[in-house]
Amino acid sequence: MLLWVIGDVGHTGLVDADVVVIGAGALGLSTALHCALAGRSVVVVERLTAGSQASGRAAGLFKSVQADELRTRLARRSIDKAVSFADWAGVPLEVARPGSFLIARTVQHREYLLRELAQSRRWGVDVREASPEQLADGISYYRAGGGEFALWCPEDVYIEEPLSLVRAYLDAYRRHGGVLLENEPVVAITRTYGRATGVETAERSITAPVIVDAAGGWVRQVASLAGAWVPLAPVRHQLLITVPTADVDPADPIARVVDAAVYLRPARGGLMVGGFEADPLPVDPRAQAASFSTDEVPLDPGVLQGLAAEVAAEVPAAGDTPVAELRGGLFTMSPDGRFVLGPVPDLPGLWVASGCNGSGFSSSPAIGEALAGWITSGAAPGGVEALSPGRFGPLPDGALVTHGLWQYAHYYDPVSGTPEAATPAGAPVQD
Ligand SMILES: Cc1cc2nc3c(=O)[nH]c(=O)nc-3n(C[C@H](O)[C@H](O)[C@H](O)COP(=O)(O)OP(=O)(O)OC[C@H]3O[C@@H](n4cnc5c(N)ncnc54)[C@H](O)[C@@H]3O)c2cc1C
């Protein structure tokens, strides 16, 4: 372990650490916690406050059925770690464990779910075909039409308020000696002899042999401070929560109506409704004022009204119950729809934890564990080198955005059910 002088964080000046993490969202905090658990001295530097950006706005959904084996493993490991959080992190975390239904109302989507059923079972997921009666009786807010095909996923869970996971990470991280600096943007990354060796804020310099860029929607800006490039494009995502309604039983399961690209769950006595529009909005924080935050991401209730209309017959509460909260933020989309995790090519010392593609919150327990394992042992655990940023060749910004939008719009699309098909024609993806 390096010289450790961070105890007096109130002072300006020079500080040393083993690992500096830039960004206190779910991915940064999980990575920091797992590095601290491995005995490393860690400083997390956050431009605003912990969890204030994408992570604090997530729907909190965890999903065991994923499009490939590696993501399935990470998703299921994350569910295990979330439900046993107190056992390994020493801090309680409340997790709702109602399971979920995946629902298809078209023949094409039925085929898609059948494929997901077969491959997910092969990868060890507990997922089963649901009978029409099970669907009809299983969710009070969903009025089954009778023609649906549905899968029952008993492993699926959610966290009611996403900030509770952020707080749990933070409590556990601090208990293991981790330091968080808030309201302190990183403004420079130091390079020494071709290595990233530290960060600068307005208040201090921090030297460390490992710098992790976990800056969410700002991940490209932060990488560019070191003259590096990461292949990600931020895209807006939104959800709403209705006022409390008798249509929803708080114990109801999660539902994902895949042909409508809509997800639903109980929330605060009402219903949460979110989904993926066909014409998503890219947002580039680099083109905004330096003060730009998630609060300024433009929200469009019309998008959610349109998605709610798609399920109006089965889920009347989605469209006709007054809205208590509309919120949104940025997904970081990668060209192949998979995480971007590991060492940044051509710049030893700089690592990245990003490419959430809509599931960074729920995969954060396993992603942080894997990245910390890679950093501390020097070897990528469990095949996660397949997620390395080096898998992409150079891509111009325009192509990054095009592929990111494609991935977003095809989130539940049958065409994107296989990793090969998920790569748009011409995308230079190599893994
Ligand atoms: C509405 C919505 C619903 C979602 N629902 C789900 C869901 O149900 N399940 C799921 O798994 N995922 C969901 N997601 C995605 C999930 O929120 C993200 O994948 C996850 O939060 C990403 O975490 P992060 O740590 O990468 O980013 P963030 O939480 O955005 O954290 C990055 C941090 O970096 C900081 N930062 C930026 N620049 C600097 C700098 N220069 N110096 C220091 N700090 C900096 C930012 O201030 C920010 O706090 C949802 C997202 C949205 C917007």
| said: Residue pairs, Cβ under 7 Å, 6 or more apart or interchain, first in the stretch 98-119 and under 13 Å from residue 413 (Cα atoms), second among the hydroxyl-bearing types (Ser, Thr, Tyr). List them. | reply: 104/112
| message | Which pairs turn up if I take residues in the stretch 329-343 that are among the aromatic types (Phe, Trp, Tyr) and look for partners that are modelled with pLDDT of 95 or more and outside any loop (DSSP other than H, G, I, E, B) with beta carbon separation below 6 Å, at least 6 apart in sequence or on another chain? | response | 331/235; 331/237; 339/387
| query | residue 184: open to solvent by less than 60 Å² (accessible area, probe 1.4 Å) and over 21 Å from residue 259 (Cα atoms), yes or no? | reply | yes
| Subset of the stretch 55-85 that is under 13 Å from the mean Cα position of the chain (by Cα) and hydroxyl-bearing (Ser, Thr, Tyr) - its residue that is nearest to residue 217 (Cα to Cα) | 55
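Taking the stretch 37-67 on its own, how many of its residues are modelled with pLDDT of 95 or more and assigned to a loop (DSSP other than H, G, I, E, B)? Full working, then the answer.
Going residue by residue through the stretch 37-67, those that are modelled with pLDDT of 95 or more are 37-66.
Filter once more, keeping what is assigned to a loop (DSSP other than H, G, I, E, B): 38-41, 46-53, 58-60, 63-66.
Final tally of qualifying residues: 19.
Test residue 344 against the stated conditions and say whether it is closer than 29 Å to residue 304 by Cβ, crowded, with 18+ Cβ neighbours inside 10 Å and of a type in the set (Val, Ile, Thr).
Details: closer than 29 Å to residue 304 by Cβ: no; crowded, with 18+ Cβ neighbours inside 10 Å: yes; of a type in the set (Val, Ile, Thr): yes.
In short, no.
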| note | Across (1) outside any helix (DSSP H, G or I); (2) more than 11 Å from the ligand (Cβ to nearest atom); (3) modelled with pLDDT of 95 or more, residue 34 clears everything bar (1)
| query | What residue, among those in the stretch 228-237 that are within 15 Å of the ligand (Cβ to nearest atom) and open to solvent by 10 Å² or more (accessible area, probe 1.4 Å), is modelled with the lowest pLDDT? | reply | 228
| query | Would it be correct to say that residue 107 is more than 16 Å from the ligand (Cβ to nearest atom), out of contact with any helix residue (DSSP H, G or I) (no Cβ under 7 Å at 6 or more places or on another chain) and over 30 Å from residue 24 (Cβ atoms)? | reply | yes
| note | Filter the stretch 52-66 for residues that are more than 6 Å from the ligand (Cβ to nearest atom) and buried (at least 24 other Cβ atoms within 10 Å of the Cβ); the one that is nearest to residue 22 (Cα to Cα) is 62
| field | Members of the stretch 180-207 that are under 23 Å from the mean Cα position of the chain (by Cα) and of a type in the set (A, V, I, L, M, F, W, C) | value | 180, 181, 186
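If only one of 213, 295, 249, 300 is more than 15 Å from the ligand (Cβ to nearest atom) and modelled with pLDDT of 95 or more, which one is it? I'd like the intermediate steps shown before the answer.
On the way: 213 fails: more than 15 Å from the ligand (Cβ to nearest atom); 295 fails: more than 15 Å from the ligand (Cβ to nearest atom); 300 fails: more than 15 Å from the ligand (Cβ to nearest atom).
Matching residue, one of 213, 295, 249, 300: 249.
So, residue 184, is that one at pLDDT 95 or above and away from the ligand (no atom under 16 Å from the Cβ) or not?
Details: at pLDDT 95 or above: yes; away from the ligand (no atom under 16 Å from the Cβ): no.
When the stated conditions are applied, residue 184 does not pass them.
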| note | Checked against (1) open to solvent by 20 Å² or more (accessible area, probe 1.4 Å); (2) in contact with a Lys or Arg (Cβ under 7 Å, 6 or more places away or on another chain); (3) not polar (S, T, N, Q), residue 351 satisfies every condition except (2)
| What are the residue pairs meeting all of these: first residue in the stretch 34-51, first residue within 21 Å of residue 370 (Cα to Cα), second residue within 14 Å of the ligand (Cβ to nearest atom) and of a type in the set (Asp, Glu), Cβ atoms under 7 Å, and 6 or more apart or on different chains? | 45/184
| request: Evaluate the stretch 4-16: report whether one residue or more is among the aliphatic types (A, V, I, L, M), part of a loop (DSSP other than H, G, I, E, B) and at pLDDT 95 or above. | output: no
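Out of the stretch 162-174, which residues are open to solvent by 10 Å² or more (accessible area, probe 1.4 Å) and either hydrophobic (A, V, I, L, M, F, W, C) or over 23 Å from the mean Cα position of the chain (by Cα) (or both)? Working first, answer last.
Quick first cut of the stretch 162-174, residues open to solvent by 10 Å² or more (accessible area, probe 1.4 Å) only: 163-164, 167, 170-171, 174.
Of everything in the stretch 162-174, those that are open to solvent by 10 Å² or more (accessible area, probe 1.4 Å) and either hydrophobic (A, V, I, L, M, F, W, C) or over 23 Å from the mean Cα position of the chain (by Cα) (or both) turn out to be 163, 170.
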| field | Pairs where the first residue, in the stretch 174-186, is on the phi > 0 side of the Ramachandran plot and the second is surrounded by 14 or more Cβ atoms within 10 Å (Cβ to Cβ) and of a type in the set (A, V, I, L, M), C-beta under 7 Å, 6+ apart | value | 177/36; 183/48
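Report, by residue number, each residue of the stretch 187-202 that is in contact (Cβ under 8 Å) with a residue 24 or more places away in the chain, surrounded by fewer than 16 Cβ atoms within 10 Å (Cβ to Cβ) and within 13 Å of the ligand (Cβ to nearest atom). Give the steps one after another, and end with the answer.
In the first step, residues of the stretch 187-202 are kept if they are in contact (Cβ under 8 Å) with a residue 24 or more places away in the chain; the result is 187-189, 191, 194-199, 201.
Keeping just the survivors that are surrounded by fewer than 16 Cβ atoms within 10 Å (Cβ to Cβ) gives 187-188, 194-195.
Matches in the stretch 187-202: 187, 188.
Output the residue which, of all residues in the stretch 37-51 that are more than 9 Å from the ligand (Cβ to nearest atom) and open to solvent by less than 10 Å² (accessible area, probe 1.4 Å), is nearest to residue 298 (Cα to Cα). So that I can check it myself, show each step before the final result.
Let us first name the residues in the stretch 37-51 that are more than 9 Å from the ligand (Cβ to nearest atom), namely 37-43.
Next, from what is left, pick out any that are open to solvent by less than 10 Å² (accessible area, probe 1.4 Å): 41-43.
Values: 41: 38, 42: 35, 43: 32 Å.
So the residue we want is 43.
Taking the stretch 325-350, which residues are closer than 23 Å to residue 57 by Cα and more than 9 Å from the ligand (Cβ to nearest atom)? Lay out the reasoning, then the answer.
Going residue by residue through the stretch 325-350, those that are closer than 23 Å to residue 57 by Cα are 325-334, 337-341.
325, 326, 333, 334, 337, 338, 339, 340, 341, listed by residue number.
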| So, in the stretch 351-366, of the ones that are closer than 22 Å to residue 196 by Cα and more than 6 Å from the ligand (Cβ to nearest atom), which residue ends up nearest to the chain's Cα centre (by Cα)? | 355
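The values are calculated or read from the model by the stated rules, or taken from the named source; none is laboratory data. Worth saying up front: this structure is predicted, and the values here are computed from it rather than measured. All Cβ positions, glycine included, derive from the backbone under ideal geometry; neighbour counts span all protein chains shown. The accessibility values were calculated without ligands, DNA or RNA, using every heavy atom of the protein model including side chains. Shrake-Rupley method; radii C 1.70, N 1.55, O 1.52, S 1.80 Å.
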